[in-house]
1. Just wondering, is there one or more residues in segment 38-61 that are among the polar types (S, T, N, Q) and touching a strand residue (DSSP E or B) at 6+ places or on another chain (Cβ under 7 Å)?
2. Among the residues of segment 106-128, are any closer than 30 Å to residue 10 by Cα and at pLDDT 75 or above?
3. Within the set of pairs 6+ apart or on separate chains, which have a first residue in segment 56-78 that is in contact (Cβ under 8 Å) with a residue 24 or more places away in the chain, a second that is among the polar types (S, T, N, Q) and assigned to a loop (DSSP other than H, G, I, E, B), and C-beta atoms under 8 Å apart?
4. How do the helices (runs of 4 or more DSSP H) wholly within segment 11-99 filter down when requiring 1 or more residues that are within 29 Å of the chain's Cα centre (by Cα) and exposed (fewer than 14 other Cβ atoms within 10 Å of the Cβ): which remain?
Amino acid sequence: MANLERKYIITMRREFKKVPKYLRARKAVKVVRVFLQQHMKCEDVRLEKHLNLLLWSRGNRNPPHRVEVLATKYEEKDRTFVRAEIVGAPKEVKEEPKKKGLVNKLKSSISVKDSQEEKKKEEQKEELKELKKEEQEVMEHTEAPKSKAETKSKKKEQTGFEKERAAVSRDKKETQHKKSQSQ
């Protein structure tokens with residue numbers, strides 16, 4: 001049960017400048033622990049995953065100069081400890097331990113298989129729906145001719161503009177042909 005929660009900005013530069021470069025990140029971790037021991041009045045200080053990753057993120061020689069930490073003090077029946085995490089870190093939910101036994105193992109394996117089969121069926125249904133939609137779209141955009149006679153009649157039916165365009169292109173070809181022969 002969490003009794004006390006505080007937010008601190010811990011400056012570490014002054015302390016880790018006193019040690020050699022190759023020991024700076026290690027010293028930064030120690031500085032955070034000592035700071036929290038003094039301010040939270042508890043000997044057992046635990047640094048969470050994201051805080052540790054932040055302290056070591058730039059290597060051993062160049063840790064961050066200051067860190068914003070959220071410290072929470074837990075008091076249980078026989079022990080007291082402090083957990084420290086960076087502000088804004090995602091909270092990890094711990095799962096309850098599962099009971100051992102053959103019956104529980106069988107139930108969990110059956111439920112996993114059932115859920116996997118249901119997912120596969122749903123995926124197949126979705127794929128079929130998508131295929132049907134694509135087929136409908138293709139059918140709408142492409143019109144297949146009904147017979148050869150219709151295609152011939154469509155070719156014969158040209159608008160006046162298309163006739164003029166065809167005539168102009170024929171004239172151009174003839175003039176180019178005549179020029180090439182004269183040369």
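1. Our first condition is that a residue be among the polar types (S, T, N, Q); within segment 38-61, this holds for 38, 52, 57, 60.
Adding the requirement that they be touching a strand residue (DSSP E or B) at 6+ places or on another chain (Cβ under 7 Å) leaves none.
No, every residue in segment 38-61 fails to be among the polar types (S, T, N, Q) and touching a strand residue (DSSP E or B) at 6+ places or on another chain (Cβ under 7 Å).
2. Let us first name the residues in segment 106-128 that are closer than 30 Å to residue 10 by Cα, namely none.
Within segment 106-128, none of the residues are closer than 30 Å to residue 10 by Cα and at pLDDT 75 or above.
3. Qualifying pairs under 8 Å: 64/57.
4. Numbers: elements: 13-16, 24-40, 49-56.
Passing ranges, in order: 49-56.
The values are calculated or read from the model by the stated rules, or taken from the named source; none is laboratory data. Note that the structure is a prediction, hence the values are computed from the model and not measured. With ideal geometry, Cβ positions are generated from the backbone for all residues, glycine too; neighbour counts draw on all protein chains shown.
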